[in-house]
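One structure is given here, and the rest of the page talks about it.
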Amino acid sequence: MKTRFERLRERWRTVSANLPVPHRDGVSLPAAFLLPRLKRAIDSDDCTLEHLTLAPGKACMLLRVKRPLSAEVHLTLTPTGVDWADRCLRAGASVSATSTAGSTLGRGMARLVLSQADTRMGWKLIAAQLEHLPFLSLTHRQLILHLDRIPALQRWLTQPVFGQPLGERLRLSAFDCEDDALRLRFARSAPE
């Protein structure tokens, strides 16, 4: 039988596994922390985020699209850089899709459309599913995350610290995917 302390320690381990991990030069955001927040932002009647995998150098998302056709879309993102002047994170993107239609005719039509998934037509389809997100821009083979358009971050970017907004004192210098976590690295902004 477990003691009260052992139960508390076990509970803390499960809770803390889903919290951001601070580092000396930044923070790591575990996939378990990011997934529910991304689901809240992305999920709609037409599209749901099913799974998020963060591996060294890449992030993979499984989106289930219901309209205009039934499909599973695998979106693979590779971090490419930070544009702090524009408050943007950029990632290279590739997409693959498979049909989940129930009928043979539906699967055939979906395969015809999905064979074009990695072309401009496919990207337009995915961009249409994510257009309700003002902080996300999806172009052909590139995803741009606008940090200054995320409501939860707007307050922190403009929060005054010693008379200067935090976004001007501290900058995001790099981001990368590690084992099941998104790693953000910060640096001091150069004085003007």
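Quick grid of which residues meet (1) out of contact with any Phe, Trp or Tyr (no Cβ under 6 Å at 6 or more places or on another chain); (2) assigned to a helix (DSSP H, G or I):
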{"site": "Ser28", "(1), (2)": "yes, no"}
{"site": "Ala32", "(1), (2)": "yes, yes"}
{"site": "Arg37", "(1), (2)": "yes, yes"}
{"site": "Ser44", "(1), (2)": "yes, no"}
{"site": "Arg64", "(1), (2)": "yes, no"}
{"site": "Val73", "(1), (2)": "yes, no"}
{"site": "Pro79", "(1), (2)": "no, no"}
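Of all the residues that make up segment 149-179, how many are surrounded by 11 or more Cβ atoms within 10 Å (Cβ to Cβ), out of contact with any helix residue (DSSP H, G or I) (no Cβ under 8 Å at 6 or more places or on another chain) and in a loop (DSSP other than H, G, I, E, B)?
Total satisfying the criteria: 2.
Output the residues belonging to segment 37-75 that are under 12 Å from Ala97 (Cβ atoms) and of a type in the set (Lys, Arg).
Correct list: Arg64 only.
Which residue pairs have Cβ atoms closer than 8 Å, lie 6 or more positions apart in sequence or on different chains, and pair a first residue in segment 178-192 that is closer than 18 Å to Ser16 by Cβ with a second residue that is part of a loop (DSSP other than H, G, I, E, B) and at pLDDT 90 or above?
Between residues of segment 178-192 that are closer than 18 Å to Ser16 by Cβ and residues that are part of a loop (DSSP other than H, G, I, E, B) and at pLDDT 90 or above, the close pairs are Glu178/Pro56; Asp179/Pro56.
Taking Gly92 as the residue in question, decide whether it is modelled with pLDDT of 85 or more, within 30 Å of Ser173 (Cα to Cα), surrounded by fewer than 14 Cβ atoms within 10 Å (Cβ to Cβ) and under 15 Å from the mean Cα position of the chain (by Cα).
Details: modelled with pLDDT of 85 or more: yes; within 30 Å of Ser173 (Cα to Cα): yes; surrounded by fewer than 14 Cβ atoms within 10 Å (Cβ to Cβ): no; under 15 Å from the mean Cα position of the chain (by Cα): yes.
No.
Of all residues in segment 81-92, which are in contact with a strand residue (DSSP E or B) (Cβ under 7 Å, 6 or more places away or on another chain) and not in a strand (DSSP E or B)?
Within segment 81-92, Trp84, Arg87 qualify.
Tally the residues that are touching a strand residue (DSSP E or B) at 6+ places or on another chain (Cβ under 7 Å), surrounded by fewer than 18 Cβ atoms within 10 Å (Cβ to Cβ) and more than 15 Å from Asp176 (Cα to Cα), restricting the search to segment 25-60.
Within segment 25-60, residues that are touching a strand residue (DSSP E or B) at 6+ places or on another chain (Cβ under 7 Å), surrounded by fewer than 18 Cβ atoms within 10 Å (Cβ to Cβ) and more than 15 Å from Asp176 (Cα to Cα) number 8.
Okay, residues lined up against (1) within 18 Å of Leu143 (Cα to Cα); (2) of a type in the set (Ser, Thr, Tyr):
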| site | (1), (2) |
| --- | --- |
| Ser44 | no, yes |
| Thr53 | yes, yes |
| Met61 | yes, no |
| Lys66 | no, no |
| Ala71 | no, no |
| Leu75 | yes, no |
| Trp84 | yes, no |
| Arg87 | yes, no |
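Residues of segment 16-31 being in contact (Cβ under 8 Å) with a residue 60 or more places away in the chain and within 16 Å of the chain's Cα centre (by Cα), which ones?
The answer is Val27, Ser28, Leu29, Pro30, Ala31.
The values are calculated or read from the model by the stated rules, or taken from the named source; none is laboratory data. Keep in mind it's a predicted model, so treat the numbers as computed, not measured. Note: ideal-geometry Cβ built from the backbone for every residue, glycine included; neighbour counts use all protein chains shown.
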